[in-house]
Structure formats: C-alpha cells, structure tokens
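Engineer: One structure, pasted below without further comment.
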Amino acid sequence: MTESGSDSNSAPLSTWRRHSAAFWVALQFLTTLPVRSVPNYSKPVLGLSLLYYPLVGLLIGGLLWLVALASTSLLTSLLSAALIVAAWTLLTGALHIDGLADCADAWVGGFGDRERTLELMKDPVSGPVAVATVVVVLLLKTAAVYELLLRFDAWWIVFAPLLGRAAPLMVFLSTPYIRKQGLGEVLAENFSRGPAFTLLILLALGMLLMAPAVNLILLSTTLMGLFAMRSLMLRRLGGCTGDTIGATVEVVEVIALLALVIGLPLML
C-alpha cells in the first residue's frame, strides 16, 4: 500500500519536473536571458518545450512593455521605438532574424530549385538580399512601434512577440519538417499535437474575450500571413525547416504590429 501510494505521488512530481524543465529549455532557447540551463534534457522534454513558446513570447512582450514605459518618460517616441526594437533584438539574440536572412538569400539565389534553396540556407554568409530584407523588417517594426507609442497604449506591443512565438506551433501542426538530423526534427517528432492545438485555441479565445474587435483583426491578419509563408514553404521545399520557421516568426511579428496600427483606430 505504501509502495503504490509512493508511485501515485511520484507521477505528478515527475510531470511537474518535465514541464518545469520544458519551460526553462524554451526560455533558454528563445531568449538571451541569464537563466539556468537544463542539463541532459531528453527529447520528449525538448518537444514539450514547444508548448511554452507562447508563454516565452508573452514574457518577451512584457519586458518590451517595461522598456517602453521607462523610455517614453525620458525620450521621444521615435527614439523609444528604436530602443524597444533594439532591446527586442538583443532579448532574442536575433535568433529568428538569422532564419529570415537565410531564407531571403536562399529564396532568391535558389532560382526555384529545392535542393539549391536548402543548400543556400545552410550558408552562414549573408548576401545583399538578406541584409536588405532584415533592414526592411527592422524599419517596419520600428515605425509600427513608434505609431503605437504615439497614438495608443504601449502594452499592445505585447501581442506581437506572443503571436510570433505561437507561430512555430501552427507550422509544426500543419507542415511536415524536411530537414534531417536537426533540432527541428527532434521538435517535430516529440511535441504533443493535441495539447498544442488546445493551447492555440485557448490563446485565441482569451485574446478575443479581452478585446474582441481588435484581436479579431489581429488574429485573422496574422493567420493569413502565417499560411502565406506556409504556402511558400510547401511550394518550394515541400515542408518547413528551422530557418523557414524563424522567418515566419519575424513575418508574423511585423504583420501583428501593422495590424495593430491599422486596426486600433478603427476599433477604439
């Protein structure tokens, strides 16, 4: 009896430890925050960490909101916007910007050829197309953040990194992963599709309950952008890679910011 009771008590503890480790793995991978590393984590824990990507996105958004509150009291809106985007880039270690740059070079240099495109995405050297694409994305982010600071409450910024970190779940749920022997393959093979789908539904419902009109525009536009990226992946590659998922995160973030700038004046 004692033995069976011990087993029943250890199972929840084991589950709690796996989820705790998964959260720290997600935070360690997606940010440059000085968090404790998780030693010798298993593939199932790595797959489970995907479920915590939106939470990490919410944390990033919260930190950016604090930067906005601190900077707008001291600086002009334009300089505050530039500082927020700089902090955004530093907080994430330009992780997804790197994927965006790789995809930009590969899509143009690949000339429509699948194998050539995959080969170019592995090249660490960034060409002029990659540089121009990154500059345009950062300029759009800065301009959109500036508009939000100038005309609305800074807390709306939180939604962009939140939706950006929810995007990988959508991609993994709907798109085959084609790059072998990589981190993405481990994630694709070990994350739980049922809980991921449930989490995305709850996230959407929570946003709609919070601000129905604005978030309906926000969700619909980001979903359109995400599935446009998915369509590009499928047509060129037949699936997704880590770089294309990173590029999708950046695209979703930009679309979310632009949707807020356009949608807020219509709905508030």
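The values are calculated or read from the model by the stated rules, or taken from the named source; none is laboratory data. This is a predicted model, so every value here is computed, not measured. Reconstructed Cβ throughout: ideal geometry from the backbone, glycine too, with neighbour counts over all protein chains shown.
Engineer: How many residues does segment 224-249 hold that are touching a Ser or Thr at 6+ places or on another chain (Cβ under 7 Å) and among the basic types (Lys, Arg)?
Structural biologist: Result for segment 224-249: 2.
Engineer: State whether one or more residues within segment 52-69 are closer than 23 Å to Lys180 by Cβ and at pLDDT 95 or above. It would help to see each step written out before you state the result.
Structural biologist: Pass one, segment 52-69, residues closer than 23 Å to Lys180 by Cβ: 53.
Remaining after also requiring at pLDDT 95 or above: 53.
Yes, segment 52-69 has at least one match.
Engineer: Is there a residue being in contact with an Asp or Glu (Cβ under 6 Å, 6 or more places away or on another chain) and part of a helix (DSSP H, G or I) anywhere in segment 76-91?
Structural biologist: Start the filter on segment 76-91 by keeping residues that are in contact with an Asp or Glu (Cβ under 6 Å, 6 or more places away or on another chain), which leaves none.
No, segment 76-91 contains no residue that is in contact with an Asp or Glu (Cβ under 6 Å, 6 or more places away or on another chain) and part of a helix (DSSP H, G or I).
Engineer: Still on this model: For segment 240-255, enumerate the residues that are over 12 Å from the mean Cα position of the chain (by Cα) and either of a type in the set (A, V, I, L, M) or more than 17 Å from Leu118 (Cβ to Cβ) (or both).
Structural biologist: Ile255
Engineer: Can I ask one more? Within the group Gly239, Gly225, Gly194, which residue is of a type outside the set (A, V, I, L, M) and in contact with a Pro (Cβ under 6 Å, 6 or more places away or on another chain)?
Structural biologist: Values: Gly225 fails: in contact with a Pro (Cβ under 6 Å, 6 or more places away or on another chain); Gly194 fails: in contact with a Pro (Cβ under 6 Å, 6 or more places away or on another chain).
Sole residue among the options that is of a type outside the set (A, V, I, L, M) and in contact with a Pro (Cβ under 6 Å, 6 or more places away or on another chain): Gly239.
Engineer: Residue under question is Gly127, and the condition is that it be within 29 Å of Ile178 (Cβ to Cβ), in contact with a Gly (Cβ under 8 Å, 6 or more places away or on another chain) and not β-branched (Val, Ile, Thr); does it hold? I'd like the intermediate steps shown before the answer.
Structural biologist: Values: within 29 Å of Ile178 (Cβ to Cβ): yes; in contact with a Gly (Cβ under 8 Å, 6 or more places away or on another chain): yes; not β-branched (Val, Ile, Thr): yes.
Criteria met by Gly127.
Engineer: Is it the case that Ser37 is crowded, with 17+ Cβ neighbours inside 10 Å and among the small types (Gly, Ala, Ser)?
Structural biologist: On the way: crowded, with 17+ Cβ neighbours inside 10 Å: no; among the small types (Gly, Ala, Ser): yes.
Spelling it out, it is not the case that Ser37 is crowded, with 17+ Cβ neighbours inside 10 Å and among the small types (Gly, Ala, Ser).
Table: residues versus (1) more than 25 Å from Asp113 (Cα to Cα); (2) in contact (Cβ under 8 Å) with a residue 12 or more places away in the chain.
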position: Pro168; (1), (2): no, yes
position: Glu185; (1), (2): no, no
position: Leu199; (1), (2): yes, yes
position: Leu203; (1), (2): yes, yes
position: Leu209; (1), (2): yes, no
position: Val214; (1), (2): yes, yes
position: Leu226; (1), (2): no, yes
position: Gly238; (1), (2): no, yes
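Engineer: To continue, here is another question. If you take the residues of segment 51-67 that are among the hydrophobic types (A, V, I, L, M, F, W, C), in contact with a Pro (Cβ under 9 Å, 6 or more places away or on another chain) and closer than 18 Å to Thr198 by Cα, which of them is surrounded by the fewest Cβ atoms within 10 Å (Cβ to Cβ)?
Structural biologist: Restricting to residues being among the hydrophobic types (A, V, I, L, M, F, W, C), in contact with a Pro (Cβ under 9 Å, 6 or more places away or on another chain) and closer than 18 Å to Thr198 by Cα, the top hit is Leu58.
Engineer: Only one residue in Ala87, Ala144, Ala70 is farther than 19 Å from Ile245 by Cβ, within 19 Å of the chain's Cα centre (by Cα), surrounded by fewer than 22 Cβ atoms within 10 Å (Cβ to Cβ) and not β-branched (Val, Ile, Thr), so which one is that?
Structural biologist: Testing whether each residue is farther than 19 Å from Ile245 by Cβ, within 19 Å of the chain's Cα centre (by Cα), surrounded by fewer than 22 Cβ atoms within 10 Å (Cβ to Cβ) and not β-branched (Val, Ile, Thr) leaves just Ala87.
Engineer: Since Leu118 meets every condition but one in (1) surrounded by fewer than 17 Cβ atoms within 10 Å (Cβ to Cβ); (2) in a helix (DSSP H, G or I); (3) aliphatic (A, V, I, L, M), which condition does it not meet?
Structural biologist: Among (1) surrounded by fewer than 17 Cβ atoms within 10 Å (Cβ to Cβ); (2) in a helix (DSSP H, G or I); (3) aliphatic (A, V, I, L, M), Leu118 violates only (1).
Engineer: Scan Ser42, Ser80 and give me the residue that is on the phi < 0 side of the Ramachandran plot, hydroxyl-bearing (Ser, Thr, Tyr) and surrounded by fewer than 22 Cβ atoms within 10 Å (Cβ to Cβ).
Structural biologist: Numbers: Ser80 fails: surrounded by fewer than 22 Cβ atoms within 10 Å (Cβ to Cβ).
On inspection, the qualifying residue turns out to be Ser42.
Engineer: Just need a number here: residues in segment 12-60 that are in a loop (DSSP other than H, G, I, E, B), more than 23 Å from Ala94 (Cβ to Cβ) and in contact with a helix residue (DSSP H, G or I) (Cβ under 7 Å, 6 or more places away or on another chain).
Structural biologist: So the first thing to find is which residues in segment 12-60 are in a loop (DSSP other than H, G, I, E, B), and the list is 31-42.
Within this subset, residues satisfying the condition of being more than 23 Å from Ala94 (Cβ to Cβ) are 39-42.
Of the ones still in play, those that are also in contact with a helix residue (DSSP H, G or I) (Cβ under 7 Å, 6 or more places away or on another chain) are 41.
Adding up the residues that qualify gives 1.
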